[in-house]
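The structure appears below as structure tokens.
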Amino acid sequence: MKGKLIGKRIPRIDSVPKATGTAEYTVDLKLPGMIYGKILRSPLAHARIKSLDVSAAEALPGVCAVITAADVPMGKFSFFQWLADKTIFSSDKVRYVGDEVAAVAAIDADTAEKAIELIQVSYDPLPTVFEAEEAMKADAPLIHDQESNVGFKVERHFGDPDSAFESCDFVAEGCYKTDRVAHCCLEVSNCVASWTPEGRLSIWTNAQAPHTQRQEVARILDIPLRDVRIINSHMGGGFGSKLVMDMKLPIAAVLSRKTGRPVKIQNTRAEEFSTAKTRYGYTMYVKTGANKDGTLQARTVRVIADNGAYHDK
């Protein structure tokens, strides 16, 4: 096998369909009887939900289903379950512009969009905070009504840097920052969910980690793992943004179960920028000590990661 493969050009198994334009992505998928879902998202960064009225949306011709927090399991989710802080829909308050509040399924995308506009939500705005270091202050608004906005801490110590700094010839300190980065994949986040008559769920999506997302869907919907199937299509870019389950997967699944039809939900480009996963922004305080010959003797680093409103945002 070594002589046949090492040092030789091996064709990609997906090169021909991609080069000829025959590769099918999830955005291309159309199932018999498929309808279209749309998510109502918060226009405010931080607010209490005072009231929610979906009656006008339900009455719109062409609307097949409307769901809110009352229609879904309310278990909390995170990629690391010990950090779980996100429910499928917000029931009490919203925590970022784009937070999921309700969703509809309709016979076409235009009807679904119109139905979303008919849902009436009354918000009570709350104080906001947009910078990680500001959010860490004692008087900062509490986003999750906990003791602080700090999600978790990790500390690592090796040796005795304080003593090492005293013997260094040179000590340099600096603060370095990186912004949140949108991955801007050519294919936006999307999925199609469908249930079999036997009660098994299939989801077609463009996931980077389909086995992990299968576990996440089963957990947040509180259904057996054996009843969930994730079907991965060709993926139009990921770069890390499609590793963690997007809430549109369980939302599409609930809409599909309620209507008995396959449901497709696809981000607009604006939704992709505002709600898809991003690379976190970081603030790094670095102190380095070295000798005259250039040998590094000590370093301390304090890193503050801005994970947004939830651990997976």
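The values are calculated or read from the model by the stated rules, or taken from the named source; none is laboratory data. None of the values given here were measured: they were computed from a predicted structure. No Cβ is skipped: glycine too gets one built from the backbone with ideal geometry, and neighbour counts run over all protein chains shown. The protein model used for the area step is the full one, side chains on, heavy atoms only, and it has no ligands, DNA or RNA in it. Shrake-Rupley method; radii C 1.70, N 1.55, O 1.52, S 1.80 Å.
Things worth noting here:
- Across the chain, the relative contact order, built from alpha-carbon pairs under 8 Å that are at least six residues apart, equals 23 percent.
- Point-charge dipole on Cβ atoms (K/R +1, D/E -1) for the chain, about Cα centre, debye to 20: 1480
- 19 Å cut-off, amide nitrogen to a point 7 angstrom out along THR212 Cα→Cβ, residues in region 75-101: 76-87
- Here region 224-301 is assigned +1 on the Cβ of each Lys and Arg and -1 on the Cβ of each Asp and Glu. Its dipole about the Cα centre then comes out at about 240 debye.
- Sorted largest first, the principal axis extents computed over the alpha-carbon atoms of the chain equal 76, 66, 33 Å.
- The mean accessible area for residues of region 15-107, using a 1.4 Å probe and ignoring ligands and nucleic acids, is 45 Å² per residue.
- Computed with every protein chain present, the accessible area of ARG180 is close to 90 Å² [probe 1.4 Å].
- Distance between modelled label sites at LEU243 and ASN291, nm, 7 Å Cα→Cβ extension: 3.8
- Taking 0.36 nm per residue of separation and subtracting the Cα-Cα distance, full extension of the segment from LYS76 to LYS4 would add 20.9 nm.
- Subtracting the Cα-Cα distance of PHE170 and GLU58 from their residue separation scaled by 0.36 nm leaves 33.4 nm.
- Whole-Å distance, taken between Cα centres, linking region 125-155 and region 253-313: 16
- In this view, the solvent-accessible surface of VAL154, computed with a 1.4 Å probe and all protein chains in place, comes to about 90 Å².
- Expressed as a whole percent, the accessible surface of the chain that belongs to carbon and sulfur atoms is 53, based on a 1.4 Å probe.
- Signed unit charges on C-beta, dipole axis of region 45-121, positive-most listed residue VAL97, ALA115, LEU60: VAL97
- Filter on LYS50/LYS264; LYS38/LYS76; LYS18/LYS86; LYS137/LYS292; LYS8/LYS264; LYS18/LYS153 - keep pairs with C-alpha separation over 32 Å: LYS18/LYS86; LYS137/LYS292; LYS8/LYS264; LYS18/LYS153
- Rounded FRET efficiency, nearest 0.05, which uses the C-beta distance separating MET284 from LEU142 and R0 of 30 Å: 0.75
- The residue among ILE39, PRO73, PRO17 whose Cα reaches farthest toward the positive pole of the charge dipole of region 1-101, with charges on the beta-carbon of Lys, Arg, Asp and Glu, is PRO17.
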